[in-house]
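Participant: Sharing a structure below in structure tokens format, with a few things to ask.
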Amino acid sequence: MPESSGATGIDLQRCSMWNHRLQIAEYVFLAGAVIGLGVAVASGQLIYGAVPVAAVLVLNLINRLYLEQRIRRRLKAETAKLHRQISEESQSLSEQQLQQALVLLQEKLPEYLAQLEAPENQPSSLETIQLRGQLTSLEQSLSSVVQYLNGSSLPARVKHLEQVTASATAEITRLHRQLPEIAERQAPTGPDLFNPVDNSSSSLDTEPFDYTPPSWSSLHTLTGHSDWVSSLAISPDGQILASGSFDNTIKLWRLTTGELLNTLSDHSQGVLSIAISPDGQILASGSFDETIKLWRLDTGKLSNTLSSHKSSVRSLAIRPDGETLISGSFDQTLKLWRLDTGEFLGNLTKNAGLVSAIALTPDGQTMASGGSDGMITIWRLEPTEAGRETAALCTLTGNLSSVCSLAISPDGQILAAGCTDGQVKLWQLGSVELLNSLRGHSAPVMSVVFNFDGQTLSSSSADGTIKIWHLRTGRELGMLDHDSADSVTAVAISPNGQLIIGGGVDGTIKVWRLN
């Protein structure tokens with residue numbers, strides 16, 4: 001069962017730890033400098049004071065440069081985030097303005113025509129002039145919206161809107177020509193200009209229902225990692241659990257017994273993401289070291305190292321046919337690879353933002369990607385020419401927090417996003433409608449995963465808990481407390497739905513069994 005999870009917020013904590021260590025070293029050398037100066041004065045040898053003082057100055061300089069570099073990176077990331085959000089929200093706002101203008105036109109036209117059609121209320125010349133002015137105002141409003149959209153460099157996205165506007169403008173022009181005749185005869189009823197889509201129905205039913213929440217009991221606590229457990233994946237047969245950690249290793253466990261089977265340790269930095277192929281033969285891992293490594297799951301032997309990303313590889317997904325691996329990175333690219341040979345097939349895009357999470361539909365034809373800018377982009381995965389990028393289908397807006405993890409339901413209909421604001425947001429993929437926001441966590445949601453039946457979803461959070469949700473109602477069915485870890489950074493569910501696994505920042509992995 002392939003699993004991908006985001007690592008948003010990890011870099012900041014790692015940088016803080018490193019900066020803290022530099023500061024401690026600076027204080028140690030400062031104390032040494034004071035002692036060295038005392039020895040230098042007593043002995044008359046300046047070298048005893050000069051060396052510690054020089055070390056303190058060097059460390060202080062390194063700390064200042066490091067701090068400046070962090071500030072620049074954060075400012076750059078925040079600027080990029082705001083730019084993408086403003087662009088998307090401006091487009092969404094413009095579309096809403098246009099739709100409101102068109103709806104207003106639809107509402108007002110029957111009223112104006114009814115006034116003119118009434119035999120006892122034939123309009124005067126003044127009323128006719130007022131009607132013409134109102135129609136002109138509506139026409140100018142529509143025109144200004146279209147001009148704004150054209151100026152926002154989104155011609156492909158507004159083509160359909162321009163067509164609708166042109167139709168409405170033609171209707172207004174026809175009414176202008178008919179105004180003199182309307183005052184003398186009864187005008188025919190105008191045609192409907194719009195066919196609004198009925199969005200009242202939703203795949204999430206909020207009606208109450210009789211449901212007994214399941215209970216879970218602790219089965220295993222797996223110890224072996226010495227740092228954060230960043231990602232989890234389970235083999236398709238439900239026998240092997242793979243865990244990736246910041247201690248640079250991947251461990252393979254016998255899920256039913258908790259036995260440690262193997263440790264894969266060829267990454268030079270922390271492991272951020274792992275995925276297992278549908279046939280259970282290959283395990284892929286992405287790391288801070290900017291590489292992707294392919295392993296034989298049965299032997300633990302390294303078969304290939306993929307090196308094309310220019311930053312950390314945060315998320316991996318394998319298409320259901322087992323032929324293509326997709327990787328998302330903080331270098332703002334989504335890359336495609338042949339899983340069997342490791343051949344680089346090309347970039348899905350070179351401007352995906354800082355990608356923290358990706359998820360595939362069960363048919364492998366549609367993919368969602370998200371990251372620190374809060375945007376979620378939907379992609380159609382079709383065969384493309386080498387070097388040719390794929391255009392995004394749409395972008396989901398309205399989420400102002402970073403995306404840590406993404407998952408798609410087994411029927412391919414619902415997209416779930418774990419966000420840093422502590423919410424799990426659910427979208428209908430077909431209509432890209434926001435269905436629900438599940439609120440219950442008090443800290444960022446680090447990982448989300450659907451159960452095999454598509455009826456429930458589990459989310460792990462930095463608040464140290466795993467919550468189980470009923471999708472149809474949005475109700476919280478249960479909570480599992482990872483009592484040994486302050487933060488649960490990864491969650492996985494066995495293929496039969498009987499086991500839930502959570503990995504914590506303390507390096508432990510807890511396994512719960514359905515009673």
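Participant: Determine which member of the set ASP298, ASP331, ASP321 is modelled with pLDDT under 95, of a type in the set (Asp, Glu) and farther than 21 Å from PRO236 by Cα.
Facilitator: Going through ASP298, ASP331, ASP321 in turn, the sole match is ASP331.
Participant: Please state which of the following conditions GLY464 fails to meet, knowing it meets all the rest: (1) closer than 26 Å to THR79 by Cα; (2) surrounded by fewer than 22 Cβ atoms within 10 Å (Cβ to Cβ); (3) not aromatic (Phe, Trp, Tyr).
Facilitator: All conditions are met except number (1).
Participant: Among the residues of the range 369-392, how many are part of a strand (DSSP E or B) and at pLDDT 85 or above?
Facilitator: Within the range 369-392, residues that are part of a strand (DSSP E or B) and at pLDDT 85 or above number 8.
Participant: On to the next question. Given the options ASP421, ASP453, ASP463, ASP411, name the one that is out of contact with any Gly (no Cβ under 8 Å at 6 or more places or on another chain) and in a loop (DSSP other than H, G, I, E, B).
Facilitator: Every option except ASP421 fails the conditions.
Participant: Which residues, taken from the range 249-260, are of a type outside the set (Asp, Glu) and either without any contact (Cβ under 8 Å) to a residue 24 or more places away in the chain or surrounded by fewer than 16 Cβ atoms within 10 Å (Cβ to Cβ) (or both)?
Facilitator: If the condition is that a residue be of a type outside the set (Asp, Glu) and either without any contact (Cβ under 8 Å) to a residue 24 or more places away in the chain or surrounded by fewer than 16 Cβ atoms within 10 Å (Cβ to Cβ) (or both), then ARG254, THR256, THR257, GLY258, LEU260 are the ones that fit.
Participant: Need the failing condition index for SER484 against (1) over 17 Å from SER215 (Cβ atoms); (2) modelled with pLDDT of 90 or more; (3) out of contact with any helix residue (DSSP H, G or I) (no Cβ under 9 Å at 6 or more places or on another chain), just the number.
Facilitator: The failed condition is (2).
For every residue, the table says whether it meets (1) basic (Lys, Arg); (2) under 13 Å from TYR27 (Cα atoms); (3) surrounded by 10 or more Cβ atoms within 10 Å (Cβ to Cβ).
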{"residue": "ALA42", "(1), (2), (3)": "no, no, no"}
{"residue": "VAL56", "(1), (2), (3)": "no, yes, yes"}
{"residue": "TYR66", "(1), (2), (3)": "no, no, yes"}
{"residue": "ILE71", "(1), (2), (3)": "no, no, yes"}
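Participant: Return the pairs, sorted by first residue and then second, in which the second residue is aliphatic (A, V, I, L, M) and modelled with pLDDT under 95, the first residue lies in the range 263-279 and is farther than 12 Å from ALA233 by Cβ, the beta carbons are less than 6 Å apart, and the residues are 6+ apart or on different chains.
Facilitator: From the range 263-279, the pairs are LEU272/ALA7.
Participant: Being in a loop (DSSP other than H, G, I, E, B) and surrounded by fewer than 23 Cβ atoms within 10 Å (Cβ to Cβ) is the filter here; which residues of the range 427-450 pass it?
Facilitator: Across the range 427-450, the qualifying residues are LEU429, GLY430, SER431, VAL432, GLY440, SER442, ALA443.
Participant: In the range 476-503, which residues are of a type outside the set (A, V, I, L, M, F, W, C), in contact with a Phe, Trp or Tyr (Cβ under 7 Å, 6 or more places away or on another chain) and either part of a strand (DSSP E or B) or farther than 20 Å from SER217 by Cβ (or both)?
Facilitator: Hits for the range 476-503 are GLU476, GLY478, THR489.
The values are calculated or read from the model by the stated rules, or taken from the named source; none is laboratory data. Just so it is clear, the model here is predicted, and its values are computed rather than measured. Ideal geometry is used to build each Cβ from the backbone, glycine not excepted, and the neighbour counts take in all protein chains shown.
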